[in-house]
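Here's the structure, in structure tokens; my notes come after.
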Amino acid sequence: MTATVPSTALNARIDAAFELAEQGKLPLVELFECSQLLAEAGQQLRAVALFQLWLARCHSSVAYAVCFNLGVMLSDLGDNAGAEAAYRDAIARNPGFIEARLNLGTLLERMGQPDEALATWQEILGEAAVPAALNQPLHLQTLNNLGRLLEISKRFPEALDMLERSLHVDPNQRNVLTHWVHLRQKLCRWPVFDGMPEIAFERKLEATAALAMLSASGDPADHLAAARRFIAEKVDSNVPHLAAAEGYAHDRIRIGYLSSDFNSHAVSILTAELYELHDRSRVEVYGFSWSREDNSPLRARVVRAMDHYIHIGHLSDLQAAELIRSHEIDILVDLHGLTLGARPAILCHRPAPVQATWLGLPGPTAIPGIDYVIADPFVLPPALEPYFTEKPLHMPSCFQINDRQRAIAARPQRATVGLPDEAFVFCAFNNAFKITPDVYGAWMRILRQVPDSVLWLVSDAEETRANLLREAQAQGVAPERVLFAGRAVPAEYLARYQLADLFLDTAPFNGGTTASDALWAGLPVLTCSGRTFSSRMAGSLLHAVGLPELVTFDLDAYERRAVELAVDQPRLAQLRAWLAEHRDSSDLFDTPRFVRQLEDVLASVVKRPAGVPVAPAAPAQAVPTPDPATPAQQAMLDMLRPGAARVVEVGGATLAQHWRYRHPRSTYVALGTNAESAAGSQWCSALVAQDPELPAGEHLPALAPAQCWVFPNTLETLRDPWALLKRIAADAQGGVEIVACIGNAQYWELQLQLAKGELRYDGDLMPRGQLRWFSRATLVELLNECGYRLLDIRAAMRSVPDQPTLAALGQLAAAGGANPGLAGEDATVFQYIVRARAG
């Protein structure tokens with residue numbers, strides 16, 4: 001324990017230290033003690049100055065240690081460049097100083113330079129090597145750092161080599177053994193537990209992580225044991241609970257989603273539309289996130305769909321739990337389980353009175369504080385309940401939600417992805433670590449029984465591919481019949497499923513997102529359901545999509561059914577036809593109905609103080625699937641804030657059915673003289689058949705609660721759009737947004753017709769009702785003048801001018817002192833779709 005030094009005495013001692021350092025006479029011990037006192041007093045910058053002065057004036061054979069401490073302090077202060085320089089100085093002064101190389105590598109990794117970090121740690125094993133026996137802890141730390149970062153970098157064979165070298169030095173490293181097991185799964189080095197024979201099988205099994213165990217064992221007892229071991233070893237569950245046990249008296253249910261996967265990740269691929277479709281008259285949606293910013297469209301979509309998106313990555317577990325508690329969340333839904341990046345300690349603090357887990361880990365989590373697991377009767381039947389620490393919260397049909405907005409690209413030719421045109425293609429796109437020797441053996445027997453068939457897999461790891469090809473040959477299947485797909489963007493990836501004939505699922509760890517991807521793309525899925533949650537996921541999906549005949553319950557039946565379908569092309573065609581006809585209306589892909597059901601299920605367990613009821617769901621108008629939206633309509637729908645429970649469309653009801661289909665309990669009002677006869681008016685909640693610009697404006701106060709006003713090519717038909725926009729902003733009760741589609745007065749065809757003297761009011765180029773014209777610049781001016789902040793602007797295209805026309809438009813712009821390049825770009829835009837917020 002460090003003694004407290006009075007401030008006057010501390011100042012005197014520090015002043016003396018600086019004076020001695022200036023003279024080159026400050027002893028090293030005094031330097032370290034004074035710098036420590038300064039750091040404890042919150043004067044880290046003075047401590048840095050003292051270190052730097054000492055290095056400039058003093059000379060010592062151990063100056064490398066001063067450089068190292070300086071690097072640590074600069075790193076803590078966030079001065080990465082200064083810390084890097086200090087560590088490199090320490091290494092230059094003492095090349096054998098391992099601690100500096102370890103810290104430098106860690107710093108480089110944090111700075112986003114993984115290759116440089118790996119090279120720095122490799123030097124410890126190479127030119128700067130110190131025999132392991134002389135410094136075993138640092139040697140192990142080096143090997144483990146390399147193994148961890150190589151695994152993150154997907155250099156699996158090298159990572160495995162480093163971890164094996166570490167285990168040979170000290171086999172009693174459970175955490176290292178955990179990663180060793182999973183790496184062997186990813187590389188398909190079978191049997192997975194046969195490597196490292198000096199380590200007993202039981203110890204390897206005990207070290208297997210909860211996620212890896214889902215593939216390693218079909219026994220639910222093993223899954224629960226793995227989860228419990230993790231919690232016992234890694235998580236302090238003896239912590240005070242924060243939430244009010246009796247709940248809160250909210251009008252709406254506050255649902256908090258907890259995840260680090262609000263980016264381009266399987267969880268967000270499934271749940272993106274959920275956040276958009278939540279009924280805001282009933283629930284309020286919070287996202288508590290420590291996700292990395294990957295700049296993906298999916299991440300932007302998820303963040304935008306949250307009512308409150310709150311980053312907690314910089315907070316400790318306790319601080320994060322306290323923050324969640326401060327928002328009085330009614331039910332906290334964990335989307336992680338025990339997968340990579342999970343923070344179960346947050347849930348142990350119980351920041352919400354009710355907590356559930358969903359989708360992240362398809363098995364028991366054993367996390368204290370989690371009350372429920374969102375499941376369904378098939379995926380978690382009564383026989384499985386004793387192997388879960390959570391109570392099942394059953395959805396009526398299927399536990400898994402799906403996003404109907406996933407685009408599927410045009411079907412490619414087989415030759416473009418390396419598939420033979422005439423072969424029967426078995427597709428198995430699940431992660432390689434889910435492939436077990438038993439399943440792969442079944443696949444090889446299927447191939448032997450179906451001539452001219454191939455197996456189509458995915459794997460980025462070259463050794464994984466080599467191991468699978470070698471195993472195929474060992475089982476009598478020519479390696480060229482096992483093919484591997486390359487990576488593709490999401491829409492093209494989904495299109496590839498259309499080239500296959502049958503999807504072969506893995507067991508005992510089924511496909512979840514991957515299986516629904518196949519079904520969404522129209523490819524039948526054959527699965528084998530077992531005794532565990534993870535082995536029953538695809539079976540749940542198939543029941544929900546209406547294809548229970550594709551669910552088998554042992555590998556022999558699975559193998560027989562695959563062969564039967566491969567040789568019975570008419571039957572397989574019937575399955576495809578069923579899927580094509582019933583996909584969108586099935587329970588699996590009726591996402592609006594799923595969201596309503598989920599809200600009902602969550603409402604059934606929400607806690608309220610005595611006498612305070614949970615608000616029931618309002619009846620929803622049944623809305624049939626709308627016709628496809630035009631590109632401009634789709635852009636407007638995408639811009640409409642999902643939290644908008646009340647929408648007003650000026651001039652008609654063009655988006656009413658699309659919006660009500662997404663949000664059946666929302667209020668959608670059509671405002672305009674022809675509102676009652678407008679196409680789509682039957683889907684509106686209310687019709688206000690009045691001129692939006694009536695001088696008295698008596699209808700406007702009644703519409704003040706609207707959160708969004710929509711102008712689909714109607715803003716330019718108003719006599720005074722400035723006045724209406726200002727009135728909307730002034731009357732709004734809370735934040736209000738507008739979404740508008742507006743014709744571009746600078747569009748090249750308009751300019752050309754005007755130049756030819758042939759500008760006529762006909763068609764969609766020059767509608768007869770149009771009174772106002774706006775270019776991109778004047779549209780922005782309109783919004784600014786009316787007190788709106790532009791949030792998003794997109795371009796709708798119709799046709800592109802030829803080069804001579806484009807050059808002429810550029811010359812005209814240049815003659816007027818404008819940028820010809822920008823003028824040319826603006827001239828190609830037919831309409832602008834904008835989203836803006838008042839205030």
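The values are calculated or read from the model by the stated rules, or taken from the named source; none is laboratory data. Remember, it's a predicted structure, so these values are computed and weren't measured experimentally. All Cβ positions, even for glycine, are placed from backbone atoms using ideal geometry, and neighbour counts span all protein chains on display.
Of the candidates ASP556, ASP505, ASP501, the single residue that is among the charged types (D, E, K, R) and surrounded by 24 or more Cβ atoms within 10 Å (Cβ to Cβ) is ASP505.
Which of the residues belonging to region 666-689 are at pLDDT 75 or above and part of a helix (DSSP H, G or I)? Scanning region 666-689 gives SER681, GLN682, TRP683. Scanning region 563-583 for residues that are buried (at least 17 other Cβ atoms within 10 Å of the Cβ), within 35 Å of the chain's Cα centre (by Cα) and of a type in the set (A, V, I, L, M) turns up LEU572, LEU575, LEU579.
Every listed requirement among (1) among the polar types (S, T, N, Q); (2) touching a Gly at 6+ places or on another chain (Cβ under 8 Å); (3) modelled with pLDDT under 95; (4) not in a loop (DSSP other than H, G, I, E, B) is met by SER268 save one, (2). Highlighted here would be helices (runs of 4 or more DSSP H) found entirely within region 191-256 that include at least 1 residues which are buried (at least 20 other Cβ atoms within 10 Å of the Cβ), assigned by TED's automatic domain parsing to the domain that holds LEU323 and of a type in the set (D, E, K, R), but there are none. Which residues, taken from region 376-410, are more than 18 Å from THR591 (Cα to Cα) and not hydrophobic (A, V, I, L, M, F, W, C)? Selection gives PRO377, PRO381, PRO382, GLU385, PRO386, TYR387, THR389, GLU390, LYS391, PRO392.
Residues checked against (1) part of a helix (DSSP H, G or I); (2) touching a Lys or Arg at 6+ places or on another chain (Cβ under 8 Å):
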position: GLY522; (1), (2): no, yes
position: ALA538; (1), (2): yes, no
position: ALA544; (1), (2): yes, no
position: TYR558; (1), (2): yes, no
position: LEU565; (1), (2): yes, yes
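Residues in region 30-61 that are more than 19 Å from ARG93 (Cα to Cα), exposed (fewer than 14 other Cβ atoms within 10 Å of the Cβ) and either over 44 Å from the mean Cα position of the chain (by Cα) or at pLDDT below 90 (or both): GLY42 alone.
The number of residues in region 460-484 that are modelled with pLDDT under 95 and either touching a strand residue (DSSP E or B) at 6+ places or on another chain (Cβ under 8 Å) or of a type in the set (Gly, Ala, Ser) (or both) comes to 1. Scanning region 445-461 for residues being assigned to a loop (DSSP other than H, G, I, E, B) and either among the β-branched types (Val, Ile, Thr) or not assigned by TED's automatic domain parsing to the domain that holds GLY418 (or both) gives a total of 1. Please verify whether GLY824 is surrounded by fewer than 13 Cβ atoms within 10 Å (Cβ to Cβ) and either at pLDDT below 90 or over 26 Å from LEU718 (Cβ atoms) (or both), treating the condition exactly as stated. When the stated conditions are applied, GLY824 does not pass them. Residue count for region 168-212 satisfying the condition of being among the aliphatic types (A, V, I, L, M) and either touching a residue at least 40 places away in the same chain (Cβ under 8 Å) or in contact with a strand residue (DSSP E or B) (Cβ under 9 Å, 6 or more places away or on another chain) (or both): 5. If the Cβ limit is 7 Å and pairs must be 6+ apart or interchain, which residue in region 715-731 that is in the same structural domain as ALA704 (by TED's automatic domain parsing) and surrounded by 16 or more Cβ atoms within 10 Å (Cβ to Cβ) pairs with which residue that is modelled with pLDDT under 90 and part of a helix (DSSP H, G or I)? Sorted first by the residue in region 715-731, then by its partner, the pairs are ASP731/PRO701. Counting residues in region 462-478 that are in contact with a Gly (Cβ under 7 Å, 6 or more places away or on another chain), surrounded by fewer than 19 Cβ atoms within 10 Å (Cβ to Cβ) and assigned to a loop (DSSP other than H, G, I, E, B) gives one or more. Here VAL551, VAL545 are screened, and the one residue that is under 23 Å from GLU581 (Cα atoms), outside the structural domain of SER215 (by TED's automatic domain parsing) and crowded, with 24+ Cβ neighbours inside 10 Å is VAL545.
Would you call ARG789 surrounded by fewer than 18 Cβ atoms within 10 Å (Cβ to Cβ) and either within 43 Å of the chain's Cα centre (by Cα) or more than 30 Å from GLN733 (Cβ to Cβ) (or both)? It is true that ARG789 is surrounded by fewer than 18 Cβ atoms within 10 Å (Cβ to Cβ) and either within 43 Å of the chain's Cα centre (by Cα) or more than 30 Å from GLN733 (Cβ to Cβ) (or both).
At least 1 residues being at pLDDT 95 or above and charged (D, E, K, R) is the threshold, and among the helices (runs of 4 or more DSSP H) wholly inside region 293-401 those reaching it are 317-326.
Per-residue answers, yes or no, for (1) outside the structural domain of ALA207 (by TED's automatic domain parsing); (2) within 26 Å of LEU70 (Cβ to Cβ); (3) charged (D, E, K, R):
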position: PRO95; (1), (2), (3): no, yes, no
position: LEU104; (1), (2), (3): no, yes, no
position: LEU108; (1), (2), (3): no, yes, no
position: GLU123; (1), (2), (3): no, yes, yes
position: THR142; (1), (2), (3): no, yes, no
position: GLU151; (1), (2), (3): no, no, yes
position: SER166; (1), (2), (3): no, no, no
position: LEU177; (1), (2), (3): no, no, no
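For region 642-662, the candidate set comprises residues that are at pLDDT 75 or above and assigned to a helix (DSSP H, G or I); within that set, the residue that is surrounded by the fewest Cβ atoms within 10 Å (Cβ to Cβ) is TYR661. Selection of region 629-641 for residues being in a loop (DSSP other than H, G, I, E, B), in contact (Cβ under 8 Å) with a residue 12 or more places away in the chain and of a type outside the set (A, V, I, L, M, F, W, C) yields only ARG641. Being among the β-branched types (Val, Ile, Thr), under 36 Å from the mean Cα position of the chain (by Cα) and assigned by TED's automatic domain parsing to the domain that holds ALA723 holds for only one residue in THR828, THR778, THR805, and it is THR828.
A single entry from ALA90, ALA159 fulfils the requirement of being under 23 Å from ILE199 (Cβ atoms), small (Gly, Ala, Ser) and touching a helix residue (DSSP H, G or I) at 6+ places or on another chain (Cβ under 8 Å): ALA159.
Among the numbered conditions (1) at pLDDT below 95; (2) within 16 Å of HIS278 (Cα to Cα); (3) under 31 Å from the mean Cα position of the chain (by Cα), the only one that VAL614 does not meet is (2).
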